[in-house]
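Here's the structure we're looking at; comments come further down.
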């Protein structure tokens, strides 16, 4: 058999590598549908940062809490504050993306348009940053999550890996650190206060809430009630007057 030209061989190897990447990444996503993730890329990045900067006292507080042991107010508070169309979109909120682009074109402050699915993909598999490469990989993993996991699983993982304070990840560690309560005991006000810091948990604090955090928590409580409470997450049709969530 004659040797293939170098370019064709390189193209073939690139194709094999790409298919292997797709197969491996999808296998990992499939496994994590059933197995709790033991860490996340964002947690690992923070650990490395602490090591580089010599933060000897830093340690990650996080432990997995299954959906059945999480207060029903916690997931609906996150959805009300971050992504009110979460039960109905397929990973991307194109209306919010269009609004964010329009705002940028008009010179207004850039608004985030990431859905909970996108944030879960980024927190679990990727690094912080705004490069086109990272956004492309975020979109790729978002599609994998939406194709492989049910909505409840996406929200369950998000609740367990989201950052709520420096070194505090997941609703389990957050509820114990800030409210000295199990995650199953969270009330609406407490869940809303946790959700209120999510746009920037390094700047906003659950235990030392600023006026903005308190105002945002009250807004989230109001949105939860308007959406109909925890039952909203199992709704089949979105209400006509869904408010735009204040995303990062």
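The values are calculated or read from the model by the stated rules, or taken from the named source; none is laboratory data. In this text the structure is predicted, and so the values were computed from the model without any measurement. Cβ atoms come from the backbone with ideal geometry, glycine included; neighbour counts cover every protein chain shown.
Please state which one of 164, 141 is outside any helix (DSSP H, G or I) and in contact with a helix residue (DSSP H, G or I) (Cβ under 6 Å, 6 or more places away or on another chain).
Exactly one residue qualifies, and that residue is 164.
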Original post:
Are any residues in the range 203-248 closer than 20 Å to residue 164 by Cβ and modelled with pLDDT under 90, and if so, which ones?
Top reply: 245, 246, 247, 248
Original post:
In the range 189-204, how many residues are more than 18 Å from the chain's Cα centre (by Cα) and surrounded by fewer than 21 Cβ atoms within 10 Å (Cβ to Cβ)?
Top reply: 1
**OP:** Might you check whether a residue that is more than 22 Å from residue 206 (Cα to Cα) and within 15 Å of the chain's Cα centre (by Cα) occurs anywhere in the range 155-178?
**Re:** no
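Given the residues 224, 213, which is the only one that is assigned to a helix (DSSP H, G or I), over 15 Å from residue 75 (Cα atoms) and in contact with a helix residue (DSSP H, G or I) (Cβ under 6 Å, 6 or more places away or on another chain)?
213
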